[in-house]
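The structure appears right after this line, and notes come after that.
The values are calculated or read from the model by the stated rules, or taken from the named source; none is laboratory data. It should be emphasised that the depicted structure is a prediction, and the values quoted were computed from it without experimental measurement. Cβ sites come from the backbone with ideal geometry, for glycine too, and all protein chains shown count toward neighbours.
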Amino acid sequence: MSLFPRDSEWHVGWRIVAAMATANGTGISLMFFTFSMFLIPIAQEFKLSRGEIGVVQALIITAAIGAPVIGRIVDRIGFHLTFVAGSLGLAVIELSLAKAVTGLASLATAVALAGFIGGGTSSVLITRPVSAHFRKYRGMALGLVAVGVSISTMLVPPFLQEVIGQQGWRTGFATLALIACAIGLPLVLVLMPRKAVLARTAPLKSGSDPNRNAFLKERDFWLLVGASMLASISVSGTISQLSPMVQDEQISARTAAFGLSLFAAGQFGGKLFGGIALDRFDPRRVAVIMTLLPATGFLIFLGDSGLTWPILLACVMIGVLQGAEVDIFAYFIAHRFDVNNYGTVFGTLVGFGWIGTAIGITLFGFTYDYLGSYAPIQLGAVCLLALSTMLFLPVNLRREA
């Protein structure tokens, strides 16, 4: 018996949200947000600099190709098959990181494959059923889905740090594979209703939409691409080096792992309250506020106080944007473009965002290698976030009937 009336979006929608939040919290996003915990032990074993490790991480740019491809696939064949294939593929890659990586080349190959295949468990896939089913409460639903990875990123890093510290980084990757396959995959398949995904839209058939690429001619799409890339350079670059960046403030690895959990707490707030705000206020203003707030976190790092709590607070602030980012762009795409083409449009946008991620990862790593400090790139991040906010304001959002 459902707690919600049959005419409510939440009557079936709660199961969609619960399933997508689980998928979000156990897939490629969890691997991405915890990857910085592996940097130092991997660098020590293979005698790599942080810049070299940053180049390896940047190979996740293959998601720039994988995201639009997987977005188009899910438009055609639906959620279930795409998710199962993506989850199993990601688990195999994580196990290969645990068992088969012997040097820089094999490490780079595994990361590149994770970027491409992991899109099957990313926001490109998990936001589509939500955007298809919800209208009135779309922002709230997207926010609730997004908090899945925030919860797992709050809970997993302290445990994962113990695994890495006691049994090594390879066992850490095996643990991530176990979470994806033994927890995420079965829970999602149990929770996800098979027909509810088609409540608003049906998967596209090949050749059914001759104008499916018309969005590439829209000014608003490119404004969103620019905002996404600038934000990704700043925030995703930080994620890639967050644990080392915190430790460089004379803070222990254990406390840095707690910093990742607090970063996830910032994500939680950004995702949940950002999603609710999108339903209630002008989405452009919400996007501006959520993008500017993390700039304060970078300014705290620039202050170089060396105090633990200000640095941990900065992690929370930076997490706010990364938390709200999926809500914001998914909401904008669903309201501005045809939801039947959602996977293709959002997948293409996410692909460009991954290019920004790769640039940020590389810049943060090599800035430290060549200058011995993250301060210059942290200052640059403040400027890029300010520029990103300016690109949201001209976007013309239509309201659905």
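In this structure, is Thr389 of a type in the set (Val, Ile, Thr) and more than 17 Å from Glu218 (Cβ to Cβ)?
yes
Looking only at region 281-291, filter to residues that are of a type outside the set (Phe, Trp, Tyr) and without any contact (Cβ under 8 Å) to a residue 60 or more places away in the chain; which one of those is surrounded by the most Cβ atoms within 10 Å (Cβ to Cβ)?
Met290
Six or more apart or on different chains, Cβ under 7 Å: which pairs go from a residue in region 251-267 that's of a type outside the set (Gly, Ala, Ser) to one that's surrounded by fewer than 20 Cβ atoms within 10 Å (Cβ to Cβ) and assigned to a helix (DSSP H, G or I)? Could you list them?
Ile251/Thr308; Thr255/Thr308; Phe258/Pro158
Can you pull out the residues in region 359-401 that are out of contact with any Ser or Thr (no Cβ under 8 Å at 6 or more places or on another chain) and among the aromatic types (Phe, Trp, Tyr)?
Matches in region 359-401: Phe366, Tyr368, Tyr370.
Which of the following residues is within 19 Å of Phe38 (Cα to Cα) and surrounded by fewer than 23 Cβ atoms within 10 Å (Cβ to Cβ): Ala264, Ala295, Ala253?
Ala253
Applying the selection to region 312-328, what residues are under 17 Å from Gly237 (Cβ atoms) and buried (at least 24 other Cβ atoms within 10 Å of the Cβ)?
Passing the criteria: Ala314, Cys315, Ile318, Gly319, Val320, Leu321, Gln322, Gly323, Glu325.
Can you tell me how many residues within region 67-91 are without any contact (Cβ under 8 Å) to a residue 60 or more places away in the chain and buried (at least 17 other Cβ atoms within 10 Å of the Cβ)?
Total satisfying the criteria: 3.
Of the conditions (1) more than 20 Å from Ile42 (Cβ to Cβ); (2) in contact with a helix residue (DSSP H, G or I) (Cβ under 8 Å, 6 or more places away or on another chain); (3) assigned to a helix (DSSP H, G or I), Ala182 satisfies every one except a single condition; which number is it?
(2)
On the given criteria, is Ile233 at pLDDT 80 or above and surrounded by 22 or more Cβ atoms within 10 Å (Cβ to Cβ)?
Criteria met by Ile233.
Kindly indicate which of Tyr331, Tyr342 is in contact with a Lys or Arg (Cβ under 6 Å, 6 or more places away or on another chain), surrounded by 18 or more Cβ atoms within 10 Å (Cβ to Cβ) and either within 24 Å of Arg128 (Cα to Cα) or free of Cβ contacts under 8 Å to residues at least 40 places away in the same chain (or both).
Tyr342
Is there a residue being modelled with pLDDT of 90 or more and crowded, with 20+ Cβ neighbours inside 10 Å anywhere in region 147-155?
Checked against the condition, which is being modelled with pLDDT of 90 or more and crowded, with 20+ Cβ neighbours inside 10 Å, region 147-155 yields no hits at all.
Residues in region 92-111 that are surrounded by 16 or more Cβ atoms within 10 Å (Cβ to Cβ) and over 17 Å from Leu176 (Cα atoms): how many?
Number of matching residues: 3.
Among the helices (runs of 4 or more DSSP H) contained in region 14-107, which hold 3 or more residues that are closer than 14 Å to Ser240 by Cα and at pLDDT below 85?
Result: 28-34, 36-46, 50-58.
In the list Leu185, Leu178, Leu125, Leu144, which residue meets the criterion of being modelled with pLDDT of 90 or more and surrounded by 22 or more Cβ atoms within 10 Å (Cβ to Cβ)?
After ruling out the rest, the residue left standing is Leu185.
Farther than 24 Å from Val111 by Cβ, in contact with a Phe, Trp or Tyr (Cβ under 7 Å, 6 or more places away or on another chain) and hydrophobic (A, V, I, L, M, F, W, C): does that describe Val288?
yes
Identify, please: which residue in region 197-230 is under 25 Å from the mean Cα position of the chain (by Cα) and loosely packed, with under 14 Cβ neighbours inside 10 Å and is, among those, modelled with the highest pLDDT?
Arg219
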